[in-house]
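Student: Encoded as structure tokens, here's the structure I'll be asking about.
Coordinate-derived values only; no laboratory data. For clarity, every value in this text was computed on a predicted model and none was experimentally measured. Every residue, glycine as well, gets a Cβ built from its backbone with ideal geometry; the counts of neighbours run over all protein chains shown.
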Amino acid sequence: PALRRLATWSRPKGGYFISLDTAKPIARRVVAMVKEAGVAITPAGATFPFGRDPQDSNIRISPIRPSIIELEKAIEVLAVCIKLASSGI
């Protein structure tokens, strides 16, 4: 079966903010799931005026001095939540 792209992200140039865009309008759901799992994350749509993302697809990732192990675990949680939310679970 063909692989389906669930999200795309930017590669920071000079900064450390990563802009992640989900393929479906699930950003708020993903952020809620990630928070439920105990990972602190920027609110969905934070890059838009008044935090209102009309596509509900943008998540700003702004790691603040985590260890590599903490960052890997947080990104793994984020990836699982994107997969779950994309599947409708």
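Student: Show that you can apply the helix-only estimate: for the chain, add -39,500 (n - 2.57) for every DSSP H stretch of four or more residues, divide by all residues, and state [θ] at 222 nm to the nearest 500.
Tutor: -11000 deg cm²/dmol
Student: Next question. Note the full-extension length gain between GLU72 and TRP9 as 0.36 nm times their separation in residues minus their Cα-Cα distance, in nm to one decimal.
Tutor: Values: separation 63, 0.36 × 63 = 22.68 nm, distance 1.60 nm.
Between GLU72 and TRP9, full extension yields an extra 21.1 nm.
Student: Here's something else I'd like to know. Over 19 Å, how big is the tail of the calculated P(r) for the chain, in percent of all Cα pairs?
Tutor: Every Cα pair in the chain considered, those over 19 Å come to 36 percent.
Student: For PRO66, what is the net charge nearby, where nearby means another residue's Cβ is under 10 Å from its Cβ and Lys, Arg count +1, Asp, Glu -1?
Tutor: Summing Lys/Arg as +1 and Asp/Glu as -1 gives 0.
Student: From the backbone phi of the stretch 65-78, what are the Karplus-calculated ³J(HN,Hα) couplings (6.51 cos²θ - 1.76 cosθ + 1.60, θ = phi - 60°) in whole Hz, Gly and Pro given as x?
Tutor: Listing the rounded values in order: 6, x, 6, 4, 4, 5, 5, 4, 5, 5, 5, 5, 4, 4 Hz.
Student: Less than 10 Å Cβ to Cβ from GLY45, Lys/Arg counted +1 and Asp/Glu -1: what total charge do the surrounding residues give?
Tutor: Overall, the nearby charge balance is +1.
Student: Related question: Which of the trypsin sites (Lys or Arg not before Pro) found in the stretch 30-89 are in a DSSP loop and have at most 13 neighbouring Cβ atoms, other than their own, within 10 Å? Before the final figure, lay out the partial values.
Tutor: On the way: sites: LYS35, ARG52, ARG60, LYS73, LYS83; in loops: ARG52.
Counting only loop positions with at most 13 other Cβ atoms within 10 Å, the trypsin sites (Lys or Arg not before Pro) in the stretch 30-89 are ARG52.
Student: A further question follows. Within the stretch 40-83, list the GluC sites (Glu not before Pro) lying in a DSSP loop whose Cβ has at most 16 other Cβ atoms in a 10 Å radius.
Tutor: Taking the stretch 40-83 and a limit of 16 other Cβ atoms within 10 Å, no loop GluC sites (Glu not before Pro) are found.
Student: So, one more: What number do you get for the stretch 37-89 when its Cα radius of gyration is normalised by 2.2 N^0.38 Å, N = residues?
Tutor: Relative to the rule-of-thumb radius for its length, the stretch 37-89 sits at 1.24.
Student: Excluding residues on the same chain fewer than 8 positions from LYS24, give the aspartates and glutamates whose Cα lies under 14 Å from its Cα.
Tutor: ASP53, ASP56
Student: Moving on to the next point. Given LYS13/LYS35; LYS13/LYS73; LYS35/LYS73, which pairs have Cα atoms separated by over 20 Å?
Tutor: The pairs that break the limit, which is 20 Å between Cα atoms, are LYS13/LYS35; LYS13/LYS73.
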